[in-house]
1. For the subset of region 62-88 comprising residues that are touching a Pro at 6+ places or on another chain (Cβ under 9 Å) and assigned to a loop (DSSP other than H, G, I, E, B), which member is farthest from Leu168 (Cα to Cα)?
2. Residues in region 187-209 that are under 17 Å from Pro106 (Cβ atoms) and more than 10 Å from ligand 1 (Cβ to nearest atom): how many?
3. Mind listing whichever residues of region 193-235 are more than 16 Å from ligand 2 (Cβ to nearest atom) and under 14 Å from Asp161 (Cβ atoms)?
4. Kindly establish whether Val12 is within 24 Å of Ala210 (Cα to Cα) and either surrounded by fewer than 16 Cβ atoms within 10 Å (Cβ to Cβ) or modelled with pLDDT of 95 or more (or both).
5. When you go through Leu108, Leu102, Leu116 one by one, which is the residue that is surrounded by fewer than 22 Cβ atoms within 10 Å (Cβ to Cβ), at positive phi and of a type outside the set (Asp, Glu)?
6. From the list Ala35, Ala24, which one is within 16 Å of ligand 2 (Cβ to nearest atom), more than 26 Å from Pro162 (Cβ to Cβ) and surrounded by fewer than 17 Cβ atoms within 10 Å (Cβ to Cβ)?
7. Can you find a residue in region 57-72 that is in contact with a Gly (Cβ under 8 Å, 6 or more places away or on another chain), surrounded by 19 or more Cβ atoms within 10 Å (Cβ to Cβ), closer than 26 Å to Leu196 by Cβ and not small (Gly, Ala, Ser)?
8. Quickly run through region 33-61 and pick out the residues that are assigned to a loop (DSSP other than H, G, I, E, B) and touching a Lys or Arg at 6+ places or on another chain (Cβ under 6 Å).
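The values are calculated or read from the model by the stated rules, or taken from the named source; none is laboratory data. Predicted model, so just to flag it, every value in this text is computed and none were measured. Glycine also receives a Cβ, built like all others from the backbone with ideal geometry; neighbour counts cover every protein chain displayed.
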Amino acid sequence: MGGDRKAALTVVIPTYNERVNIDALFGEFARLKKAWPIPFDILIVDDGSPDGTREAAYNLGQRYGLDVRVHVRPGSRGLGTAIVAGLNLCDTFLVCAMDADLSHPPILIPTLFERLNGFDGTVASRYAVGGRIADWSLHRRIISRVATRIAKSALDIRCADPLSGYFLFRTASFRGIKITGLGNKPLLEILGRQGLGVFEVPYEFRNRAAGESKLTMRAILEYILLVLRLHWTQRGPLGPSKETIETAVAVTRNS
Ligand SMILES: Nc1nc2c(ncn2[C@@H]2O[C@H](COP(=O)(O)OP(=O)(O)OP(=O)(O)O)[C@@H](O)[C@H]2O)c(=O)[nH]1
Ligand SMILES: [Mg+2]
């Protein structure tokens, strides 16, 4: 749509009723495109949003001169499975996943890219030294902290923010890993299954400014089932040995 450069990176963005956020989000991507020489395209995975998210993505993608594809899954719902569908559709060397609600600033992508070095992936981290969460209620902070603690201890993961929805990976590095998307934490599935090396980049997570949250009690229960499943797989006879789940983590300040 926006040019003939072959993209090196695909940014996968799951959406459900995010029409109100697409304009500001694509505006940020347009600024990124001007400032950053690495060619990227955007893959929106929309689950048939009734609010016109898909049309907004097509139209605004053209208006901003971005390379935007929209993959629609009319009969499905689920943030995690949408990300996995997007990851499976990517044929670029690198892939990044992020939310559409402006919680994840696109301007961090060049830092995620630069910090890759010899690592398999980089994680935009709320909980690494220097990371921050703006405007979250105490209740939301507690849920996130407890969920993170559960994942880290149940799965022996060292990454400070294994539940982050904002991450960048070499596409080939996770091709052999079965990622279901169930439980809505694909990064946890990647980190919990195999010893990939990830580098954490601290950033400021911004609270959703518009549109509705999809965090429900059901999502929390599905998350707990995911951790139990991964825990059981690791320790079961068919699971990987403990060594293979070591995660190399380093922390840097986002300058
Ligand atoms: N394709 C698809 N995307 C979804 C679905 N549910 C949520 N999303 C998208 O996934 C991203 C994260 O969802 P959010 O609702 O922001 O979830 P959250 O960040 O845990 O909660 P809040 O930020 O408080 O709203 C957003 O881009 C949503 O539009 C879904 O069922 N299908
Ligand atoms: Mg959100």
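1. Looking at the filtered set, the residue picked out is Gly78.
2. Count: 4.
3. Val198, Phe199, Glu200, Val201, Pro202, listed by residue number.
4. Answer is yes for this residue.
5. Details: Leu108 fails: at positive phi; Leu116 fails: at positive phi.
Among Leu108, Leu102, Leu116, only Leu102 is surrounded by fewer than 22 Cβ atoms within 10 Å (Cβ to Cβ), at positive phi and of a type outside the set (Asp, Glu).
6. Ala24
7. There is no residue in region 57-72 that is in contact with a Gly (Cβ under 8 Å, 6 or more places away or on another chain), surrounded by 19 or more Cβ atoms within 10 Å (Cβ to Cβ), closer than 26 Å to Leu196 by Cβ and not small (Gly, Ala, Ser).
8. As a first pass, look at region 33-61 and keep what is assigned to a loop (DSSP other than H, G, I, E, B): 36-39, 47-52.
Answer for region 33-61, where residues must be assigned to a loop (DSSP other than H, G, I, E, B) and touching a Lys or Arg at 6+ places or on another chain (Cβ under 6 Å): Pro39, Asp47, Asp51, Gly52.
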